[in-house]
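Structure first, commentary second.
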Amino acid sequence: MGGILVRMRAGGLLDEQAARRVESLVAQGKPLDEALLAASGLPEDQLLRFLSEEFHVPYVDLEQHPPEKEFLTQFPARILLAHGLLPLGQEDGIVTVASSRLFDTGGIDELRVATGLELRVALAPSAEIGRCIKALLGVGADTLQSLVSEAEVGGVQVVDHEADSGLDLSAAAEDASIIKFVNQVLAEAIERRATDVHFEPFEDALRVRYRVDGVLQEANVPPEVRQFQPAIVSRLKILSRLDIAEKRLPQDGRIRLKVAGREVDVRVSVIPMLHGEAVVLRLLDRSAMLLGLEHLGMAERDREIFERILALPHGIVLVTGPTGSGKTTTLYAGLSRINDVTRKIVTIEDPIEYHLRGINQIQVSTKAGLSFARGLRSILRHDPDVVLVGEIRDRETAEIAVQASLTGHLVFSTLHTNDAPGALTRLVDMGIEPYLVASSLEAVLAQRLVRLICTNCKESLPAEDAEALRAQFGDRAPDVLHWGRGCRECQGTGYRGRTGIFETMLVTPEVRAMILQRASAGEIRRVAAQQGMLSLREDGWRLVRSARTTVEEVLRVTKDERASGNGDQDAGPAGADPAAEAAGYPSHPAGKPREAPG
């Protein structure tokens, strides 16, 4: 040991104080490599490269040389994950195993006994080993292997979902391995920044998918998971206090979790499908930081308009867009801006996504009979200045919101329409008289979320592809375009994180006159555009020009108003836009990310 410490000090990798700390840790029984890592402060890969040269043990770059999945499945996943071991290949009867612990031979010995094979150690960072095992074997591989073994020896007996009357699902769902598997899936979803988790049963498989940055990505789970599908669904039902015996009707529930120190609210939806019950979990991270107006991604013009809207004494302000487009985040950012001791702000929501200090928040409870409309009536008796209604879903809620605005309250709400002009006609279609809409509505903000190019793998688009796009889209496309090639940081998608694009429409006297005339959304759009309103797609080009997103992404979430003829915009197809592909843009299907290295 002394020689290693001397050479590390000579090479500037260790100072005298750290060397003494290493000696102390080794004296306490810690393996030398772990002691060096703890005391030196060196990055793990740098220390392993030094040990590789010192002891003539190969160092392996797993990104460049990952093992074959078929080869890896021959080894017990429990031992591999417990000890951080990764079998790489076999040559002349000897299996090379990557490990980050050169001096801790317990795992190698256990694997040698379990397999009866001769093993040789190579070095690789622990994080790379864990990532590679998870990518090749799938999340929860060790748990499912143990479940299969138990089932084979008479443990948890999981039978086909169509003939499971003899199965005690309650007991199976409380099995430690099932609990661990569900926890592993939820933990990985949080780690990937997923907003939704989908469990989808098919005849011969249970597919698990995460929605990350608005796009579904398939999780890598072992094929054995299908036979435990009833127990997994029952575990989720128990957590959300649903009836595990009811399999013919949809059920909805909630779970409150703490994952990796973060509080997460989970909305659970269970629906019976052809091959079993499907479950979707909506994850709401309570510990997520509430963004201010300056972080929403608004252009300077839109932000100035929105701040003027927040200062209005009364009226209705609507934020529109599909589910998951960031409407509630925008409204919360606005409320936070005007939240002070001089105003009473009351909200009624389903669910309450953020807890805001100083704001009175009410949770809708359909079981107790507290609907948006009933809650809104009660709110108005609490002398509010500002009211937030989570969503206008029906005529009754819309009528009360209009009356509240006309009696001196500033009312914020959301509406599911595709664009800003469409919100005006939607209220009229709900049965609200045009003169009430015209006199109460002050502004409509439509929005979408576009994915941002991953900063880790961002690069310029080849000149010929950029030229093709400029030929397709003219001056809107900048001289230099960017995209993400795909890396581990972004799970191979080329995107990481999202920001908003906005369409802000003020209800001017001209627009009010058109509402009274029951004008169409397309006609209202033309007038608003003449007064300076930018469409969602036009605002998206702003992010393309600033190299924050791609043309492909803007085309994915917006529609060309000129092509639609009626001014509507929608989320568009899930795949890449045909116009972008025709222009030679190097796209990939939005729902299928590039394969992540390693």
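The values are calculated or read from the model by the stated rules, or taken from the named source; none is laboratory data. As the structure is a computational prediction, the values presented were derived from the model and not from experiment. Please note: Cβ atoms are built from the backbone with ideal geometry, for glycine as well, and neighbour counts cover all protein chains shown. The accessibility values were calculated without ligands, DNA or RNA, using every heavy atom of the protein model including side chains. Shrake-Rupley method; radii C 1.70, N 1.55, O 1.52, S 1.80 Å.
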**Prompt:** Plugging the Kirkwood radius over Cα pairs into Stokes-Einstein for segment 379-474, at a temperature of 4 °C and a viscosity of 1.567 mPa s, what D comes out in µm²/s?
**Reply:** 78
**Message:** Show me the ranking of peptides 383-395, 202-214 by mean Cβ neighbours inside 10 Å, starting with the highest.
**Reply:** 383-395, 202-214
**Among beta bridges that DSSP assigns inside the chain, antiparallel share in %, nearest 5** = 65
**Listed peptides 15-28, 357-370 by packing density, highest first (mean Cβ within 10 Å)** = 15-28, 357-370
**Message:** Can you tell me which aspartates and glutamates have their Cα less than 16 Å from the Cα of residue 237? Leave out same-chain residues fewer than eight positions away.
**Reply:** 168, 174, 175, 200, 246, 252, 265, 277
**Request:** State whether segment 266-363 is rounded, prolate or oblate according to the following rule on the C-alpha gyration tensor (a ≥ b ≥ c being the square roots of its eigenvalues): a/c under 1.5 gives rounded; otherwise a/b larger than b/c gives prolate, and the remaining case gives oblate.
**Result:** prolate
**Request:** Leaving ligands, DNA and RNA out of it, rank 329, 417 by accessible area with a 1.4 Å probe, largest first.
**Result:** 329, 417
**Complete:** Taking only protein heavy atoms and a 1.4 Å probe, the highest-to-lowest accessible-area order of 448, 545, 343, 256 is 256, 545, 343, 448
**Item:** Accessible surface, per residue, of segment 464-546 when the full set of protein chains is kept, probe 1.4 Å, Å²
**Value:** 45
**Request:** Specify the inter-centroid distance of segment 57-111 and segment 451-465, based on alpha-carbon positions, in whole Å.
**Result:** 35
**Asked** Of all accessible surface on the chain at a 1.4 Å probe, what whole percent is carbon and sulfur?
**Response** 49
**Asked** Given (i) 1.15; (ii) 1.32; (iii) 1.38, which label gives Cα Rg over 2.2 N^0.38 Å as computed from the coordinates?
**Response** (i)
**Item:** Accessible area per residue, Å², segment 180-281 with all protein chains present, probe 1.4 Å
**Value:** 45
**Request:** Quickly rank 458-470, 513-525 as a protection proxy: mean count of other C-beta atoms within 10 Å, highest first.
**Result:** 513-525, 458-470
